[in-house]
Amino acid sequence: MRIAFVALSLFVSLFPVASRADNVTSFTLENGLDVVVIENHRAPVVVHMVWYKVGSADEPPGKSGIAHFLEHLMFKATDELASGELSDTVSKNGGSDNAFTSYDYTGYFQRIAADRLDLVMDMEASRMDGLALVEGDIATERDVVIEERNQRTDSDPGALFNEQLFAAAYLNHPYGIPIIGWKHEAHALTLEDAQSFYDAHYGPNNATLVVAGDVEPGEVRELAEKHYGAIPPNPNIRQRERPTEPPQLAARRMQYSDPRIGNDYVTRIYLAPERSPGDQKEAAALRMLAQVLGGSSTTSVLARKLQFENPRAVYTSAWYSGRALDQTTFGLVIVPVPGTPLEEAEKALDQAVAEFMEEGVDQEELERIKMRIRSSQIYSQDDISSIANRYGAGLTVGLSIEDIEDWPQILDEVTEEDILAAAQKVFDARRSVTGFVSNGGEVTQ
C-alpha cells in the first residue's frame with residue numbers, strides 16, 4: 001500500500017491539475033443552439049448529448065413531474081420517426097441511448113461509433129421541434145412513470161423520507177418538489193400538459209449540444225448546421241424565473257419511522273450557496289469541507305471521531321451538491337451503533353463538528369484529498385461520457401466553459417481558512433432541517 005501511495009503521489013505530481021486537459025471548441029448556430037465539441041481520439045467512439053435548459057424546478061404549479069413525463073414521451077413518434085425508432089436504430093448500430101431529468105436540466109444522449117454521428121444527430125434533431133404526441137401514448141407512459149415512482153420512491157422508505165426532508169428545507173423554492181413529481185399530481189398529467197411544456201421550453205435556443213469523442217470541430221459544425229441549423233428558434237422561450245427562498249429564521253425537525261428502515265439514523269441538511277459563475281471559491285471550499293468531514297470512511301473527521309476513536313457510529317458522511325442553478329444543500333448523516341438513542345447520536349455529531357471547528361483542518365488529510373481529486377481528474381479523461389456530462393451539466397446551470405475548466409485548480413487552491421470560513425457560514429441552525437429516521441421504535445424529542 002505504501003509503495004502504491006508513493007507511486008500515485010509521483011504520478012499526480014507530474015500532472016498537478018487536469019483542468020485544461022480537455023480539447024474543447026465551442027460555437028453557436030444562428031438559431032441560438034450552443035455547441036460544444038470535446039476532442040478525445042483514444043477510441044473511435046462518440047457521445048452525442050442534447051441538454052435542454054429546463055428541469056423539474058421550471059414546472060408550472062400543480063404539474064409536478066411533467067418535465068420527467070415529457071422526457072419519457074420524447075421517445076415516442078416525431079414527424080419523421082415512428083415511436084421507439086430512435087432507440088431501435090441506435091441499438092441496431094451497436095450503440096446505446098437514454099435520457100435524464102434533473103431540477104435544472106433535461107438531457108438526451110447516444111453513445112455510438114464515431115462514423116454514426118450523422119445518423120444520431122439527424123434523429124435527435126427530429127424530436128427537437130417535431131415531437132408528435134398522441135392521446136394513446138399518454139395513459140400508457142403515465143403508468144410507466146407512476147410505476148417508476150413506485151419502485152424508486154414509494155417502495156424505498158429512505159427515498160420517501162428524503163422527499164419530506166427537502167420539502168421542509170425549501171419553504172418556497174421548487175427544489176422542494178420531487179423531480180419525479182408528487183404522486184397525486186403525476187396521476188393527473190395530460191396530453192395538453194405535455195404539449196404545453198414542450199412548446200414552452202424545447203427548441204434550439206434553449207439547448208446545448210455536446211459532442212465528445214473521436215471527432216473534429218469542423219466535422220461537428222458541418223453536421224450541426226445540416227441537422228439542427230434548419231430548426232427555427234422557439235419564440236416561446238423565456239428567461240427562467242423561479243421563486244426565491246425567504247429568510248429562514250427557525251430550525252426545523254422531523255421524525256419518520258418505517259419498519260422497512262434497516263438502521264436508525266440522523267440526517268441534517270443546510271441551505272448552502274451553489275457554484276456561482278465567475279466566482280466558485282466559496283463552492284470549492286464547501287466541496288472540500290464535505291470531503292474533510294465525511295469524504296473518507298477511514299480518515300475523515302467524522303469517521304475518525306465517531307467510528308474509530310470513540311466508536312458511536314457505524315457510518316458517517318457529509319456531502320455538498322454544488323452544481324445547481326439556485327441555492328443548494330450541504331448535508332451530514334450519522335448511523336449510530338445499535339442501541340444508541342438518536343438524541344445521543346445527534347449530540348455526538350454536533351460535538352464532532354464543534355471540535356473540528358476548534359481544531360481546524362488536518363493538513364496531511366487535506367493534501368491527500370487534493371491528490372485524490374487531481375488523480376480522478378486525470379483518470380476521467382478515459383471516460384468521454386463523464387467529460388460530456390461535466391460540460392453539459394455545468395453549462396446548463398449557468399457556468400461557462402472557463403468555469404468548468406478552472407474548477408480543479410480552484411479546488412486545489414482551497415486553504416484551511418477557506419474551509420473554516422465556509423463551515424462557519426453554512427452551519428447556521430436556522431437554515432437547517434434535522435431528521436430522526438427509525439424502523440418503528442419510539443423516538444423521543
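The values are calculated or read from the model by the stated rules, or taken from the named source; none is laboratory data. Predicted, not measured: the structure shown is a model, and the values here were computed from it. Every residue, glycine as well, gets a Cβ built from its backbone with ideal geometry; the counts of neighbours run over all protein chains shown. The area values use the complete protein model at the heavy-atom level, side chains included, leaving out ligands, DNA and RNA. Shrake-Rupley method; radii C 1.70, N 1.55, O 1.52, S 1.80 Å.
Okay, here's what the table says:
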read-out	value
From Glu185, Glu216, Glu148, Glu163, residue being out of contact with any strand residue (DSSP E or B) (no Cβ under 8 Å at 6 or more places or on another chain) and either free of Cβ contacts under 8 Å to residues at least 24 places away in the same chain or under 30 Å from Pro44 (Cα atoms) (or both)	Glu163
Condition met for Gly218 (out of contact with any helix residue (DSSP H, G or I) (no Cβ under 8 Å at 6 or more places or on another chain) and either farther than 15 Å from Asp129 by Cβ or open to solvent by 20 Å² or more (accessible area, probe 1.4 Å) (or both))	yes
Evaluation of Val414 against (1) over 30 Å from Pro341 (Cα atoms); (2) open to solvent by 10 Å² or more (accessible area, probe 1.4 Å) (one fails), failing number	(2)
Test result for Leu81, crowded, with 17+ Cβ neighbours inside 10 Å and either modelled with pLDDT under 95 or more than 26 Å from Ile387 (Cα to Cα) (or both)	yes
Matching entry among Thr208, Thr244, Thr190 (being closer than 30 Å to Ser400 by Cα, in contact (Cβ under 8 Å) with a residue 12 or more places away in the chain and surrounded by fewer than 16 Cβ atoms within 10 Å (Cβ to Cβ))	Thr244
Residue under evaluation Arg260, criteria (1) open to solvent by less than 30 Å² (accessible area, probe 1.4 Å); (2) not in a helix (DSSP H, G or I), criterion not met	(1)
Wholly within region 299-409, helices (runs of 4 or more DSSP H) carrying at least 1 residues that are open to solvent by less than 10 Å² (accessible area, probe 1.4 Å), hydrophobic (A, V, I, L, M, F, W, C) and over 26 Å from Glu282 (Cβ atoms)	342-359, 384-396
Region 367-391, subset among the hydrophobic types (A, V, I, L, M, F, W, C) and within 22 Å of Met288 (Cβ to Cβ), residue farthest from the chain's Cα centre (by Cα)	Met371
Members of region 105-130 that are of a type in the set (A, V, I, L, M, F, W, C) and either open to solvent by 30 Å² or more (accessible area, probe 1.4 Å) or touching a Leu at 6+ places or on another chain (Cβ under 7 Å) (or both)	Phe109, Ala113, Leu117, Leu119, Met121, Met123
Pick from region 39-70, criterion under 19 Å from Arg238 (Cα atoms) and assigned to a helix (DSSP H, G or I), ranking: most open to solvent (accessible area, probe 1.4 Å)	Asp58
Residue list for region 71-93, filter: among the hydrophobic types (A, V, I, L, M, F, W, C) and not in a helix (DSSP H, G or I)	Met74, Phe75, Ala77, Leu81, Ala82
